1. If I filter the range 136-173 down to residues being in contact with a strand residue (DSSP E or B) (Cβ under 6 Å, 6 or more places away or on another chain) and in a helix (DSSP H, G or I), which single residue comes out as most open to solvent (accessible area, probe 1.4 Å)?
2. Kindly provide the set of residues from the range 193-211 that are open to solvent by 10 Å² or more (accessible area, probe 1.4 Å) and under 15 Å from the mean Cα position of the chain (by Cα), ordered by number.
3. Name every residue in the range 260-271 that is polar (S, T, N, Q) and surrounded by fewer than 19 Cβ atoms within 10 Å (Cβ to Cβ), in order of residue number.
4. I'm trying to understand the selection: among the residues of the range 80-128, which are more than 19 Å from SER282 (Cα to Cα), of a type in the set (A, V, I, L, M, F, W, C) and open to solvent by 60 Å² or more (accessible area, probe 1.4 Å)?
5. Can you confirm whether the range 171-180 contains a residue that is at pLDDT 95 or above, more than 15 Å from LEU24 (Cβ to Cβ), touching a Phe, Trp or Tyr at 6+ places or on another chain (Cβ under 8 Å) and of a type in the set (Val, Ile, Thr)?
6. Test each condition in (1) among the charged types (D, E, K, R); (2) closer than 23 Å to LEU186 by Cα; (3) in a loop (DSSP other than H, G, I, E, B) for ASP64 and report the one that comes out false.
7. Determine whether the range 186-195 contains at least one residue that is closer than 26 Å to HIS25 by Cβ and of a type in the set (Asp, Glu).
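The values are calculated or read from the model by the stated rules, or taken from the named source; none is laboratory data. Only a predicted model underlies this, so the values are computations on that prediction, with no experimental measurement involved. So basically every Cβ, Gly included, is an ideal-geometry build from the backbone, and we count neighbours across all protein chains shown. Quick note on the areas: whole protein, heavy atoms, side chains included, nothing else; ligands and nucleic acids left out. Shrake-Rupley method; radii C 1.70, N 1.55, O 1.52, S 1.80 Å.
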Amino acid sequence: MTMPTITPAFADVTASDSALRRFLHGLPGVDAVGLEARAASLGTRSIKTTAKAYAIDLAISMIDLTTLEGADTPGKVRALSAKARHPDPTDRTTPATAAVCVYPDMAATAAAALAGSGVKVASVATAFPAGRAALGVKLADTRDAVAAGADEIDMVIDRGAFLAGHYLKVYEEIRAVKEAAGAARLKVIFETGELSTYDNIRRASWLGMIAGADFIKTSTGKVGTNATPANTLLMLEAVRDFRAQTGTQIGVKPAGGIRTTKDALKFLVLVNETVGEDWLDSHWFRFGASSLLNDLLMQRQKLSTGRYSGPDYVTVD
């Protein structure tokens, strides 16, 4: 298999570590106050009645229903897969989720449980969540997940290398994982809570996209600061600008800390107002979540019946 092609506009940028550093540090600086103010302002937009019902179903269809625990069992993954296929067994008009996200050793179980459903199997790889492993180990992890049936790979970047300014190392690692993933779509996780600054998040976003990411993803959900409206807005601006420059559309996945319908709808407003309807589809926008689905289902049932059944209405993951 050949390495993914480099977008011609960036061939010179990636020719050396110094060239890549010049490009990334030449990106416009982020106005942190302005970014956070715009994210907060968009978060005040309200969605009512018919539009809210549509948005709830859209959010359900965008969820990567996730279990990433050391205590995961085949039975838990099968149960989660059944929930992904039919989130509300009492109402078959409820859309399926986009994917089930598991560790590589559970990918085969998820693939068997989801066969024929259209729900994707996403698998974290590359020594998730810390990413502290040799490249050969990360590539083997990726190939194992794909061989087991993963349709999508969620990889973590080497934050230590990135923060040390070794951008070419991070770039080459993403490209190598992209090659190992083959036909599987690649989501590149930055762990924004460890990148310290918005400027670093912007640089990581461009680095991931130049290297061939199909999605850029905020976080693993395993650190204190995960997806926020501000860091997601910044990444949405990056994919918008990247498409304007290259014609290539890249997806965005906020993950971690998005637990309520109100939260999810705020993120959908961010998408609509920043990049537009082209991204309001599960092929281009995902929520990395485990508990969000339950709240969406409760709110959906309230809209359709006028009654709020409470948490006992939905299955507990």
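1. Taking the candidates together, the pick is ASP141.
2. GLY193
3. Scanning the range 260-271 gives a single hit, THR260.
4. Residue satisfying the conditions is ALA112 alone.
5. no
6. Of (1) among the charged types (D, E, K, R); (2) closer than 23 Å to LEU186 by Cα; (3) in a loop (DSSP other than H, G, I, E, B), only one is false for ASP64: (3).
7. Yes, the range 186-195 contains a residue that is closer than 26 Å to HIS25 by Cβ and of a type in the set (Asp, Glu).
To keep it simple, each residue is scored yes or no on (1) surrounded by fewer than 19 Cβ atoms within 10 Å (Cβ to Cβ); (2) touching a Cys at 6+ places or on another chain (Cβ under 9 Å); (3) farther than 22 Å from THR44 by Cβ; (4) among the aromatic types (Phe, Trp, Tyr).
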site	(1), (2), (3), (4)
ALA213	no, no, yes, no
ASN226	no, no, no, no
PRO229	no, no, no, no
LEU234	no, no, no, no
THR246	yes, no, yes, no
ILE258	no, no, no, no
PHE285	no, no, no, yes
GLN301	no, no, yes, no
